[in-house]
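Written below as structure tokens is the structure these notes are about.
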Amino acid sequence: MNIAIVDDRKTDSDRLVGFIDTYAEQHRLQWGAMDRFSSGEEFLGAFTAGKYDLIFLDIYMDGITGMETAKRIRRADHGCRIIFITTSPEFAVESYDVSASFYLLKPIEKNGVFAALDRCGLQDAERTRAVEVATHFGKTVLPVHDISYTEYVRRQVLIHLKNGQDMEVSMSQKDFSALLLQYPWFCDCIKGILVNFEDVDKLLEDRFLLKSGIQIPISRLKYRNVREQFLEYSYSKVRGGQYGGTAY
């Protein structure tokens, strides 16, 4: 794993490197490159897509801020993990927009760094979560993170996947909902429809706007609870915490 640290304070950077090295020793890991940069401009001058697996970014820096640096990273590389370092949590929601993996507050502490590195590994494990469903072609194991949203149509569950494909499942809505609603990033927002928060672009006044452009209505009676669930998910994700007992 190649790591980049972008922080204009050498003392903070030194402290972070020490914690990362300690983590590697305790877990018997070997890093690849660990490059350090003192500004967003310096980092972007050396950055290419795929060069780094993990990037620690200080938000408050002279010149290009860490948030702007992250946005430029995401234009070219959607796979690397970004961990923000800052003295204030005010950018928590904005960091969600660039798919940050964790949010570390200064002064940096060992437990926080260890939790951030643990979480980067947990995300890989999360991608393996799956449910077994019955289709017209037999039983299929479906990764839950592949699902965008589902709807109950003509006594069958129609699963809409993030890649644009659809899948029909021969199950009752009650039984299928029980499979997905055990995961806190799924929501029963209106009768017959389940939405994966991971694929939501925006929460509007009466509906979700998905990343695909599709709009999913939210029941007026459920709106308050749905909104609270979505906001809790969003804040937990950017803070690197746990939501419903599940690490993000």
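The values are calculated or read from the model by the stated rules, or taken from the named source; none is laboratory data. Computed from a predicted structure; not experimentally measured. Note: ideal-geometry Cβ built from the backbone for every residue, glycine included; neighbour counts use all protein chains shown.
Descriptive notes on the structure:
- Scanning the stretch 128-155 for residues that are within 16 Å of the chain's Cα centre (by Cα) and loosely packed, with under 11 Cβ neighbours inside 10 Å gives a single hit, T128.
To keep it simple, each residue is scored yes or no on (1) modelled with pLDDT of 90 or more; (2) among the basic types (K, R); (3) in contact with a helix residue (DSSP H, G or I) (Cβ under 7 Å, 6 or more places away or on another chain).
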| position | (1), (2), (3) |
| --- | --- |
| I159 | yes, no, no |
| E168 | yes, no, no |
| F186 | yes, no, yes |
| G192 | yes, no, yes |
| L204 | yes, no, no |
| I214 | yes, no, no |
| S236 | no, no, no |
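- Residue list for the stretch 148-157, filter: modelled with pLDDT of 95 or more and either farther than 14 Å from V133 by Cβ or in a helix (DSSP H, G or I) (or both): S148, Y149, E151
- Taking residues in the stretch 30-49 that are closer than 10 Å to I73 by Cα, and partners anywhere that are in a loop (DSSP other than H, G, I, E, B), the pairs with Cβ atoms closer than 6 Å and at least 6 places apart or on different chains are A49/D77.
- Of all residues in the stretch 208-233, those being charged (D, E, K, R) and under 21 Å from the mean Cα position of the chain (by Cα) number 4.
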